[in-house]
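As structure tokens, the structure follows; a few thoughts come after it.
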Amino acid sequence: MQNLLCGLTLAMTLGAVAGTLALEEDAATGGLVSVKIAGDETDMNWIRPADGKAFAWIGPNYRWGTGTLKVDGVLQTWDRVAEIRSKGVAVYRPAAGLEIVRTRTATDDGFAERYVFRNVSDRPLALTEIDIHTPFRDDYLPPKEMWARRCHAHVWTGGSSAWVCALRMGGRTPHLGLVVTDGAITAYGQKERARNKNYSNTRGVLSLSPPDVTLAPQGETAVAWRLFPHDGKADFLARVRRLGGVTVTAADWTVTAKEPVELAFEVADARLLEGASVRGEGVTVSSVRREGTRLRARASYEKDGEARVVLTYAGGRQTWAELLARGDPAALVRARAAFIARHQVYRGATPDDPRDGALVEYDNETETQYHRWEQPKAAQLGPDHNEGAERIAMGVFLAMMTRMGCDEYRPLV
């Protein structure tokens, strides 16, 4: 087994899974340039190029393992190694008083990374909006390449049991996965994605975010994960559990006023569920039962909106299922129709205005309609920001309401 870092290669034996993982690291940024699975006939690099060539707007500051954060509200970047302490251990100093120590090591089934955020000052430091760049190669360019050498990166920001399951677009194995093993990931972001940056043909730069934290003097917080090849979603989820994580399934991800939803939290080692508890946020957990390595919870409607069922397990670790809670579906449909009729129908400025009756965007914050033709910067918006596009469906929707006897919408269609 080799562990040769600082601009060279980290190769790891993976036994019978899928050969080996070979990594190439950039010495200046400490970021990964490539991750390949040895024996893969396509020679796919699972990391998006960050050299400003493939995508002019994605440079070395977006290499895997670099990142950004706010220190006491001021945006800072770590993309230059300040110190190499040993093989695989790089130190960044993005702001006075803050050290970020990144450790990269081989494991028996892939490689591991650990990021320690350490306050080396004599005053508290508030760390917010932490983004660790993990640019999986999730894009559609060029089309002839995508089936064999591009992936879909499926992200589960489930706290202590967060993960990324990267699946090759063509479905051919092997695939690549990331599983959090220490700390938590509670959000993710997509940077450098815009209309003038290949629309949605490139998903931008994926970043993973630990929770905000205020570090006391000499205090620290950490997040760690493992990467490894896998043979598909089922194999990946089994590996999540074997690494001490929890996987969550639900009969439905929407809770309605009529039907409760059952969820299952599953582990590989039943001892992780000893003393575990479940609570609802926005829903009521009406029952919990243990079945070996599974904990089943029943969630009932409480109020409209996003909701969570939170599992606390193994000494305070947490993960959750995010649900959508909705009341009577018929009432929701009526409310949506009323909103469109009240707010999104444009009445022409003149009797012969060809836009009269158009269904337009509505800004809930300013409580005004958005008229694209009046906005000098409208051309910079996405192609769906116009008076057609998906708003065609609004007219069809209102027409259907009239067929169901809602005559108040007849003048609009």
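Numbers for the structure displayed
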item	result
Trypsin sites (Lys or Arg not before Pro) within the range 308-371: DSSP coil, no more than 10 neighbouring Cβ in 10 Å	347
Formal net charge of residues neighbouring residue 69 (Cβ-Cβ distance under 10 Å; K, R +1; D, E -1)	-2
Rounded tilt (10° steps) of 233-242 against the dominant C-alpha axis of the chain	50
Estimated FRET transfer efficiency (residue 214, residue 392; beta-carbon r; R0 45 Å; 0.05)	0.40
Portion, in percent, of the accessible area of the chain that falls on carbon or sulfur, probe 1.4 Å	50
Distant-in-sequence amide H partners of residue 58 (H built 1.01 Å from N, under 5 Å)	52
Over the chain: helical MRE at 222 nm, DSSP H runs n ≥ 4 each giving -39500 (n - 2.57), nearest 500	-3000 deg cm²/dmol
Karplus 3J(HN,Hα) series, Hz, for the range 95-108 with 6.51 cos²θ - 1.76 cosθ + 1.60 (x for Gly, Pro)	8, 4, x, 10, 10, 10, 10, 9, 10, 10, 9, 7, 10, 6
Relative contact order (%) - the chain, alpha-carbon pairs under 8 angstrom, separation at least six	10
Inter-label distance, nm, simple model (7 Å from Cα along the C-beta direction), residue 75/residue 342	3.7
Accessible area of residue 252 in the full protein assembly, 1.4 Å probe (Å², nearest 10)	80
Net charge over other residues, Cβ less than 11 angstrom from the Cβ of residue 158 (K, R count +1; D, E count -1)	+1
Stretch gain in nm, segment residue 370-residue 410, where the contour uses 0.36 nm per residue and the Cα spacing is subtracted	12.0 nm
Sequence-distant residues sharing a close amide H with residue 88 (under 5 Å, placed H)	5, 6
Degrees between helix 329-343 axis and first principal axis of the chain (Cα, 0 to 90, nearest 10)	70
Å³ per residue enclosed by the Cα convex hull of the range 245-337	82
Prolate/oblate/rounded call for the range 191-261, Cα gyration tensor, a/c under 1.5 rounded	rounded
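The values are calculated or read from the model by the stated rules, or taken from the named source; none is laboratory data. Since this is a predicted model, take the numbers as computed values, not measurements. So basically every Cβ, Gly included, is an ideal-geometry build from the backbone, and we count neighbours across all protein chains shown. For the accessible areas, the whole protein counts, side chains as well, though only heavy atoms, and no ligand, DNA or RNA atoms are used. Shrake-Rupley method; radii C 1.70, N 1.55, O 1.52, S 1.80 Å.
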